[in-house]
Amino acid sequence: MDGIQQLHDLIASANRIVAFTGAGISTESGIPDFRSPGGIWTKYQPIYFDDFVSSEEMRREAWRRKFATDETVLKAEPNAGHRALAKLVEQGRMSAVITQNVDGLHQRSGVPDSKVIELHGNTTYASCLDCGQRHELEPIKQAFLEKGELPVCSKCEGLVKTATISFGQAMPEIAMARAQHEATSCDLFIVLGSSLVVYPAAGFPQIARRNGAKLAIVNRDPTDQDDDADLVIHAEIGPTMSRVVGVN
C-alpha cells in the first residue's frame, strides 16, 4: 500500500485530527523558509525582543526589514495543502491546525481563526506590547516610509510590534496551552512541512504519540521524529494532500 492510501486510511479511521504545520507548507506558496540558505536569517542577525524594546534604532531596523520583505508574504496565496486542511476542518474531522507559520494563510484558505493555533504569532498585523490592542499595518507602513515615524499605540501609547514572537520573547501562553490540549485529545496528529527542530513546538507530536494518537509526517526532508511516526511521506505537501483529501 502506498503512502497516499495509508494516509487516506488513517484520516478515514480517525475521529479527532490535529494538523501541525511548519515552513514547508508555505514555501509551496512562494514564501521562503527563513532558516534555509538564502533565507532572511542567513542575511540578517535576528533582532532579539529585549533589543527591540530597549532600542529605538533596533525598532527602526525591525520595521525596515518588515516592510522590505513584506511583499512576498502579502502576495502569497494558500495552496492545495492549506485547502486540504480547510476541507477537513469544514467536515468536522480536524479540530485544530497548530502552526509555526506567521503568514495567515490557513485563515485565508478558509480555516476559522478559532481553529488556528499560532505558536509564533502572525505577521499580517501588529499589536501593542502593553495593552494588546491590534493595529493594522497599512497606516504604520505609510507613516514609517513617508515620515520615518515609529508606531505607538493609539490606545495607551505603548510600543507597537508585529504580532509575531521574536527571539527571546516568551511563547504565547494561551496558544501553547491550547496546542497541548489538542495534542493530548486527538487520535491522529499530522505533521506537514516542519523539520521538527524548534522546541518547545516540536514536542507536540511526541505528546500526541504518548497519549495514544497515530503520528503521520509529510515533509520533503527527513526529520528527527521519522522513526517514531506511524507513517512518513517524503514529498511535496500540496500534491500529496490534494490526492489524500480530494482538493485542487
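Can you name the number of the only condition in (1) closer than 23 Å to Ala14 by Cα; (2) surrounded by 22 or more Cβ atoms within 10 Å (Cβ to Cβ) that Ser95 fails?
For Ser95, the failing item is (2).
Within the range 170-181, can one find any residue that is under 22 Å from the mean Cα position of the chain (by Cα), over 20 Å from Val18 (Cβ atoms) and either surrounded by fewer than 15 Cβ atoms within 10 Å (Cβ to Cβ) or among the hydroxyl-bearing types (Ser, Thr, Tyr) (or both)?
Scanning the range 170-181, I find at least one residue that is under 22 Å from the mean Cα position of the chain (by Cα), over 20 Å from Val18 (Cβ atoms) and either surrounded by fewer than 15 Cβ atoms within 10 Å (Cβ to Cβ) or among the hydroxyl-bearing types (Ser, Thr, Tyr) (or both), so the answer is yes.
Does the range 5-16 include one or more residues that are touching a strand residue (DSSP E or B) at 6+ places or on another chain (Cβ under 9 Å), buried (at least 19 other Cβ atoms within 10 Å of the Cβ) and closer than 25 Å to Val197 by Cβ?
Yes, there is a match, as at least one residue in the range 5-16 is touching a strand residue (DSSP E or B) at 6+ places or on another chain (Cβ under 9 Å), buried (at least 19 other Cβ atoms within 10 Å of the Cβ) and closer than 25 Å to Val197 by Cβ.
Tell me the residue from Lys161, Lys147 that is without any contact (Cβ under 8 Å) to a residue 12 or more places away in the chain and of a type in the set (Lys, Arg), please.
Exactly one residue qualifies, and that residue is Lys147.
Taking the conditions exactly as written (surrounded by fewer than 20 Cβ atoms within 10 Å (Cβ to Cβ), outside any helix (DSSP H, G or I) and of a type in the set (Ser, Thr, Tyr)), does Ser194 satisfy them or not?
Judged against the criteria, Ser194 is not a match.
Look through the range 197-214, keep the residues that are assigned to a loop (DSSP other than H, G, I, E, B) and farther than 30 Å from Met58 by Cα, and return whichever of them is nearest to the chain's Cα centre (by Cα).
Ala213
If you take the residues of the range 123-144 that are within 19 Å of Asp50 (Cα to Cα) and in contact (Cβ under 8 Å) with a residue 40 or more places away in the chain, which of them is nearest to the chain's Cα centre (by Cα)?
By that ranking, first place goes to Thr123.
Since every read-out is calculated from the coordinates, none of them should be taken as a lab result. All of these numbers come straight from a predicted model, not from anything done at the bench. So basically every Cβ, Gly included, is an ideal-geometry build from the backbone, and we count neighbours across all protein chains shown.
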